Amino acid sequence: MPRHKVAVVGAGIIGVATAVNIQTLCPDADVTILAEKFSPDTTSDGAAGCLQPYLVVGTPDEDVMRWFSSTFKHLRKIVLSTNAGKSGVHFTSGYNIYKHNVPEPKWKDDVIDFRIVPEKELQLLFPSFKYGWFYTTLMCESHRYIPFLTERFQKNGGILMQRRISSFAELSGQYDVVVNCTGLWSRFLANDESVRPVRGQVIRLSKQYTNDFVGHSSKSEGAFYYIPRQDDVTLGGTAQVDRWDTEVDPKDSKEIWERAVGILPSLKEAKILKEWVGLRPQRNKGIRVEAETMSFGTEKVKVVHNYGHGGAGITLHWGCAEDAAKLVQKELSCTTPKAKL
């Protein structure tokens, strides 16, 4: 009996995770990842990697929580294994700080030791802030994690193919199912105008002045985050909707830096390693994980979509990948394997 053929288009964290899950659920399928760019040149590679739902517009809370919980459990297994260092997955603790009281997040029970920060602690550390949370979550540094998953994918027989796809019609007749993990480019490939860029600019620092992450966000002051990683610190950032340019903007750099030094004065003498810009793929209608048959004239292509994750691609990647793989399994009528994910 001939083996099924599946193409996953996109090699960011969503694409690679989905491909690995398809291999697990459909062992009788040959899976190929098609992409113009692979790690370290994907948008995922530039993300800081701190697990916390962010910019997930239009997605039902129950879906966000389910995907977040699944991803957290998956990464927690890795961080407790011998693969932790290689994979770029590790625990991290820190603060979300605010100028006023805010509702506790719905994900507070999925992270570790979530607590409200006492007023005295805030006065000592962040005197201009009135409210905050402290908790332990996970870091998933994509520039390590994506190669780690890709190696697993290839060991399982997966194929990588560098190829620019202008239309899924190009894949008609070559694959039984095409999986769309193209993020922002789904605006064009899936004809989905609800997908839009949210431009993020960050600064990389060479030295950690504190081991705790610090995050602050407000409509009037913008977003600030200081996120220590294994080799550097990510300092951000911007969230500019419908801005497509990917060149570093000196004005944004100045604003990020001034905001950071205002909250953490010790950063003033920090050495800047590089600056980076990426476009988050936000979907106004919410994250899309569903199957459809797309028509191109007389040609029809079975497509499973997994895109629109905004600023939460890393945070939700494994849970979304599991659901997308189940849709592929259903389309192919794959035999359910004995081993579970």
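Computed over the alpha carbons of region 165-294, Rg followed by Dmax gives 18.7, 59 Å.
Once the Cα gyration tensor of the chain is diagonalised, what are the square roots of 5 times its eigenvalues, in whole Å and ordered largest first, as equivalent ellipsoid semi-axes?
So the three semi-axes of the chain are 36, 21, 18 Å.
How far is helix 313-332 tilted, in degrees, relative to the longest principal axis of the Cα atoms in the chain, given as a value from 0 to 90 rounded to the nearest 10? Tilt of helix 313-332: around 10 degrees. Here the peptides 310-320, 103-113, 80-90 are ranked by packing, the mean other Cβ count within 10 Å, and the order with the highest first is 310-320, 80-90, 103-113. Fully extending the segment from Arg76 to Lys268, taken as 0.36 nm per residue of separation minus the present Cα-Cα distance, adds 65.7 nm.
For Lys130, a cut-off of 24 angstrom between C-alpha atoms picks up these lysines, skipping any fewer than 8 places away in its own chain: Lys99, Lys106, Lys108, Lys120, Lys219, Lys268. Once both labels are positioned 7 Å from their Cα atoms along Cα-to-Cβ, the gap between Leu160 and Asn83 label points is 1.6 nm. Which of the trypsin sites (Lys or Arg not before Pro) found in region 204-284 are in a DSSP loop and have at most 16 neighbouring Cβ atoms, other than their own, within 10 Å? Of the trypsin sites (Lys or Arg not before Pro), the ones in loops of region 204-284 whose Cβ has at most 16 other Cβ atoms within 10 Å are Lys207, Lys219, Lys271.
For GluC sites (Glu not before Pro), the sites in region 162-235 that DSSP calls loop and that have at most 15 other Cβ atoms within 10 Å are Glu193, Glu221.
What is the helix-to-structure angle for 142-155, meaning the angle in degrees between its Cα long axis and the longest Cα principal axis of the chain, kept from 0 to 90 and rounded to the nearest 10? Helix 142-155 and the main axis of the chain meet at about 20 degrees. Here the Gaussian network model covers the chain, with springs between Cα atoms less than 10 Å apart; of Leu171, Leu75, Leu160, Leu171 fluctuates the most. The order of Ser142, Ser167 by accessible area, most exposed first and with a 1.4 Å probe, is Ser167, Ser142. By the Cβ rule of 4.7 Å, the chain holds the following cysteines without a possible disulfide partner: Cys50, Cys140, Cys181, Cys320. Distance between the 7 Å Cα→Cβ label points at Glu290 and Thr210: 4.3 nm.
R0 = 51 Å: FRET efficiency of Trp244 with Lys120, Cβ-based, nearest 0.05?
Approximately 0.65, to the nearest 0.05.
The values are calculated or read from the model by the stated rules, or taken from the named source; none is laboratory data. None of the values given here were measured: they were computed from a predicted structure. Cβ coordinates were reconstructed from backbone atoms using ideal geometry, including for glycine residues, and neighbour counts include every protein chain displayed. Surface accessibility is based on the protein's heavy atoms, side chains included, excluding ligands, DNA and RNA. Shrake-Rupley method; radii C 1.70, N 1.55, O 1.52, S 1.80 Å.
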